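Here the structure is laid out as structure tokens; the discussion comes afterwards.
The values are calculated or read from the model by the stated rules, or taken from the named source; none is laboratory data. This structure is a prediction, so every number in the text was calculated from the model and none was measured. Reconstructed Cβ throughout: ideal geometry from the backbone, glycine too, with neighbour counts over all protein chains shown. Areas reflect the complete protein model, heavy atoms only, side chains present, ligands, DNA and RNA absent. Shrake-Rupley method; radii C 1.70, N 1.55, O 1.52, S 1.80 Å.
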Amino acid sequence: MAYYIEMKNILLLFLLLSLFPIKAMANGLPYEQLEKLVIRNNQNGKANESLRLIIDFIEDNKDDHYYHCKALILKSDTYKSLFNYSETLKVLDKAYKIGLKSNKINEVKATITLERAYAFFDLLKYDQANKLMQELKKDNYKHIEPSDIAGMIMQEAYIDYLNKDYIDAEKKYDDALLLMEKANPKNLPIIYGKKMELYLKTKERDKAIHAFKLGLSSAEKHHILKYKIYMYEKLREQQMQDNDWKNAFRSFQIIDAMNIAYNADNKSNQLKILEKDKEIQKQEFDLKRSNLITGFLFVVCLLSFVGLFLFYQFLKSNKEKNLLLEKENVRIHDELQILSSSLSTHGFTKIDLSAFKLTERQFEIIELIRQGKTNKEIANTIFISENTVKYHLKVIYDIMNIENRSEFLKLININNIKVIS
């Protein structure tokens, strides 16, 4: 009994392990905090720090397709801050595939379309960018944040500017500025720079200078170096257009000094990112190998569980069979005891079986019963199965019109039976 209890405990343990696998809980940054840190780092030339945070976040949330996709979009923005647009688009493709496995497919599609529109615009592929922008506009910018809506309006304005539709361009720039002022004022210098370019084209020098001052003030207020560089580049363009070479050269020196600092950080970040990419590849390989091992161990545990369960059923079946045999033997022994007692009491001496139409095999079985053999012993003696013995006994009982073995034994004189064949 103790053995069977132990077997049940082992099976229960395997069942619990298979139903409740151990899984590490991640305690990383929430996505909203990650997004703020990455945007700030990218604006300040700290792309490497952004990448480290993104890698950690993906590792903690790799099973959540939605946030995995969102983190990859931040990664694409990090590459974009380094002007690495081939990697930007490659990462966006990966984000799109993962995002389609989430339960927010429409949001994923809109966000990826937005990011591709930004990338193509920066690559001066305005036709491709405009096609994506019109898709978003047609859908009334559903799932798009107000700051990004301002970005799309600004890009539309620039395309109007390229098409020499300066009035519509200026109006859209103003709309974009109002929206960006409320949504994300850190990005105002981008729009002011574009307005400067428009005013240079329309030769409205005072408006251009005013836009420069507003854009530079915003860049300095939010400590974004790349926007300061951008504003001075636009100023230098105006100075060169005005043939103000002295001030243009001075602006060039300012730009060069800021670029040295900005590019030094970027080069360093690019090298670190290459190292990080190798690390990511190694982590992905280790993760795949770990998943394979985990899957293999799960299969082994499952097969072990099934094997133990079948073994337990086999043992249980054998035990039940042995118990039945033991009960049968006890019953036969008791019947023999009853028979002996009955014969002594009633003085039965003889019965003539020739009155019954029995076969030779049936007479043979009766003789073996008279000898006190069990069904199993009878089967082994005459080389038939135990079930066949039971069948013959049933036929004999029917012929002799008796109910069971006990009644049959009472009719037989064990010491002096007369069998006439």
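Some points to look at:
- Contour excess over end-to-end distance, with Cα ends at LYS213 and ARG289 and 0.36 nm allotted per residue: 21.7 nm
- Paired Rg and Dmax values of the range 26-131, which use every Cα atom, in angstrom: 13.4, 44
- Rounded Å value of the spacing that divides the Cα centres of the range 181-235 and the range 65-142: 26
- Calculated accessible area for the range 123-272 comes out at 57 Å² per residue, all protein chains present (probe 1.4 Å; ligands, DNA, RNA ignored).
- Candidate residues TYR173, TYR397: accessible-area rank, largest first, probe 1.4 Å: TYR397, TYR173
- Distance between modelled label sites at VAL300 and THR202, nm, 7 Å Cα→Cβ extension: 7.5
- Packing around the peptides 237-247, 44-54, taken as the average count of other Cβ atoms within 10 Å per residue, puts them in this order, highest first: 44-54, 237-247.
- In nm, spacing of pseudo-spin labels at ASP242 and LYS62 (7 Å Cα→C-beta vector): 5.8
- Segment ARG40-ASN387, length gained on full extension (0.36 nm per residue, minus Cα span): 116.3 nm
- Taking each residue as 0.36 nm, the span from ASN380 to LEU162 lengthens on full extension beyond its C-alpha to C-alpha distance by 67.9 nm.
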